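Student: Sending over a structure as structure tokens; questions will come in a sec.
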Amino acid sequence: MNDSPEQELKDVKKRVQQHIMIAVGLAVGSLITLWTSQTNFGSFTRNVSITLGIAGIQAFMVAAFFMHLLSEKKLIYWFLVLTAVFFVVMIGVTFWARMDSNVVHYH
Amino acid sequence: MNIPYTVERREDTGLYNAKLGVWLFLASEVMLFGALFSSYILLRVGADAGTWPRHWLDYKLGAINTIILIISSVTNVIAWANLKMGYFGKYRFYQALTMVLAIAFLAIKSTEYYGKFHHYTIALKDGRIADGHIQKDETTADKVVIEGWWRTNEAEVMDPPANVEEKKIEIESKEIADMQNYGPARNNFAGLYFTMTGLHVLHIIGGVLVIFAIWGPLNGMWKTDPERYVNRVEVAGLFWSFVDLVWLFIFPTFYLL
């Protein structure tokens, strides 16, 4: 990334236009989410996957462009990778505990 | 005392300290909201069929709030960009817009909360179930008046049929076996809804207070140390975008699925 003030100003101007486009994309994404939630895709699991998939794409757009993650330093990526690992472990352990529960019904 | 690396970047991290700090803070926030989403998934997957509420929330209000937050993220970034180019007046204008949008979001959320606290399910002694918004002006000690519907069973309360017209229902107090509102104590869904959206609302309030402080009382720094001031605006903006990002998951999870 070029850090000279002139280049930085150019980058900023470009970013503003980009952000407006991204915002339009996010708004359209929200409308698509509304539509998918009202549409039957065959099963509830499929509906959840599609709806949350769109939300994931929107979240990526916010992080990548509004939070400038695409042009961020490597160290931030490492922090986020570490966070993702902890997050997956947290959810994984929770579900593992649930699947591991051994409920015995006595009649 | 001079605080180091408020403007210049550290050689080892390549970042000024506030940015590093805010990203670390956001990482902890991911874990906080992640734990709550994890609880939501676990409780929902574990709920018996027909016991998890659907269509309890007004998706139109949720969608309007989504658009409001998206626009506020854009105005926030445009404000920062203008400041970076030296246009202080434009920064002030766009950041004021961000704050107005944040207040609009909070106003809509308050309306939703108010509606939930005044929405009751009333079980009658004869087994009938009424469900609707209480009419405070007409409700007395002897009778309860609601604008709502008769429900045939509990499953219908959990997933109300669409397009059924509301009507006024008057119930004698002595006929009531039990009545409960749609507050956080109602069930797991309501508890999680109020916890997660409430936590999100606290983030909105915190964010808008910081944005306001930088925009108003602390804006003298623009004259004394402009680069540091721009950095402050940037890190506050990072937090604001994160708040938007969290809502992008809350909206479909609670309002649509």
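The values are calculated or read from the model by the stated rules, or taken from the named source; none is laboratory data. In this text the structure is predicted, and so the values were computed from the model without any measurement. Cβ coordinates were reconstructed from backbone atoms using ideal geometry, including for glycine residues, and neighbour counts include every protein chain displayed. Note: accessible area is taken over every heavy atom of the protein model, side chains too, but ligands, DNA and RNA are not part of it. Shrake-Rupley method; radii C 1.70, N 1.55, O 1.52, S 1.80 Å.
Student: Tally the residues that are surrounded by 13 or more Cβ atoms within 10 Å (Cβ to Cβ) and at the interface with chain B (Cβ under 7 Å from one of its Cβ atoms), restricting the search to segment A:87-104.
Tutor: Of the residues in that region, 4 qualify.
Student: Being under 18 Å from B:ALA79 (Cα atoms) and surrounded by 15 or more Cβ atoms within 10 Å (Cβ to Cβ) is the filter here; which residues of segment A:8-38 pass it?
Tutor: Within segment A:8-38, A:ASP11, A:VAL12, A:ARG15, A:VAL16, A:HIS19, A:ILE22, A:ALA23 meet the criteria.
Student: Which of the residues belonging to segment B:1-36 are in a loop (DSSP other than H, G, I, E, B) and loosely packed, with under 13 Cβ neighbours inside 10 Å?
Tutor: The answer is B:MET1, B:ASN2, B:ILE3, B:PRO4, B:GLU8, B:GLU11, B:ASP12.
Student: Can you tell me which residues in segment B:37-67 are in contact (Cβ under 8 Å) with a residue 12 or more places away in the chain, surrounded by fewer than 17 Cβ atoms within 10 Å (Cβ to Cβ) and under 16 Å from the mean Cα position of the chain (by Cα)?
Tutor: B:ASP58, B:LEU61, B:ILE64
Student: Same structure again: Among the candidates B:LYS136, B:LYS168, which residue alone is more than 27 Å from the chain's Cα centre (by Cα), over 22 Å from B:LYS60 (Cβ atoms) and of a type in the set (D, E, K, R)?
Tutor: The match here is B:LYS168.
Student: Can you name the number of the only condition in (1) touching a strand residue (DSSP E or B) at 6+ places or on another chain (Cβ under 6 Å); (2) open to solvent by 40 Å² or more (accessible area, probe 1.4 Å) that B:TYR182 fails?
Tutor: Evaluating B:TYR182 over (1) touching a strand residue (DSSP E or B) at 6+ places or on another chain (Cβ under 6 Å); (2) open to solvent by 40 Å² or more (accessible area, probe 1.4 Å) leaves (2) as the failure.
The rows are residues; the columns are (1) within 14 Å of chain A (Cβ to nearest Cβ); (2) surrounded by 15 or more Cβ atoms within 10 Å (Cβ to Cβ).
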residue: B:VAL164; (1), (2): no, no
residue: B:GLU170; (1), (2): no, no
residue: B:ILE176; (1), (2): no, yes
residue: B:ILE204; (1), (2): no, yes
residue: B:ILE211; (1), (2): no, yes
residue: B:TRP215; (1), (2): no, yes
residue: B:TRP247; (1), (2): yes, yes
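Student: With surrounded by 15 or more Cβ atoms within 10 Å (Cβ to Cβ), small (Gly, Ala, Ser) and within 14 Å of chain A (Cβ to nearest Cβ) as the only criterion, which of B:GLY191, B:GLY237 stands out?
Tutor: Selected residue: B:GLY237, the only one of B:GLY191, B:GLY237 that is surrounded by 15 or more Cβ atoms within 10 Å (Cβ to Cβ), small (Gly, Ala, Ser) and within 14 Å of chain A (Cβ to nearest Cβ).
Student: Given the structure, is A:ASN40 outside any helix (DSSP H, G or I), modelled with pLDDT under 90 and of a type outside the set (Asp, Glu)?
Tutor: yes
Student: Something else: Identify all residues within segment B:40-74 that are more than 7 Å from chain A (Cβ to nearest Cβ), among the hydroxyl-bearing types (Ser, Thr, Tyr) and under 11 Å from B:ALA102 (Cα atoms); write none if there are none.
Tutor: The one that is more than 7 Å from chain A (Cβ to nearest Cβ), among the hydroxyl-bearing types (Ser, Thr, Tyr) and under 11 Å from B:ALA102 (Cα atoms): B:SER72.
So that you can scan it fast, the table gives a plain yes or no per residue for (1) closer than 20 Å to B:HIS55 by Cα; (2) in the same structural domain as B:ASN76 (by TED's automatic domain parsing); (3) not hydroxyl-bearing (Ser, Thr, Tyr):
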residue: B:LEU106; (1), (2), (3): no, yes, yes
residue: B:SER110; (1), (2), (3): yes, yes, no
residue: B:GLY132; (1), (2), (3): yes, no, yes
residue: B:ALA141; (1), (2), (3): no, no, yes
residue: B:VAL145; (1), (2), (3): no, no, yes
residue: B:VAL157; (1), (2), (3): yes, no, yes
residue: B:PRO161; (1), (2), (3): yes, no, yes
residue: B:LYS167; (1), (2), (3): yes, no, yes
residue: B:VAL210; (1), (2), (3): no, yes, yes
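Student: For a quick check of your reading of the model, give me the residue pairs whose first member lies in segment A:25-51 and is free of Cβ contacts under 8 Å to residues at least 12 places away in the same chain, whose second is open to solvent by 30 Å² or more (accessible area, probe 1.4 Å), with beta-carbon atoms closer than 8 Å and at least 6 apart or on different chains.
Tutor: Taking only residues 6 or more apart or on different chains, the pairs are A:ALA27/B:ILE67; A:LEU34/B:TYR59; A:PHE41/A:ILE50; A:ASN47/A:THR39; A:ASN47/A:ASN40; A:ASN47/A:PHE41.
Student: Just for strands (runs of 3 or more DSSP E) wholly inside segment B:97-190: which have at least 2 residues that are in contact with a helix residue (DSSP H, G or I) (Cβ under 7 Å, 6 or more places away or on another chain) and of a type outside the set (Gly, Ala, Ser)?
Tutor: Where strands (runs of 3 or more DSSP E) fall fully within segment B:97-190 and carry at least 2 residues being in contact with a helix residue (DSSP H, G or I) (Cβ under 7 Å, 6 or more places away or on another chain) and of a type outside the set (Gly, Ala, Ser), they are B:119-124, B:129-134, B:143-151.
Student: Can you tell me which residue within segment B:75-103, out of those that are under 23 Å from the mean Cα position of the chain (by Cα) and open to solvent by 40 Å² or more (accessible area, probe 1.4 Å), is farthest from the other protein chains (Cβ to nearest Cβ)?
Tutor: B:ILE103
Student: Mind checking which residues of segment A:41-71 are open to solvent by less than 30 Å² (accessible area, probe 1.4 Å) and aromatic (Phe, Trp, Tyr)?
Tutor: A:PHE66, the sole residue that qualifies.
Student: Evaluate segment A:61-79: report whether one residue or more is farther than 13 Å from B:PHE249 by Cα, assigned to a helix (DSSP H, G or I), facing chain B (nearest Cβ under 9 Å) and of a type in the set (D, E, K, R).
Tutor: yes
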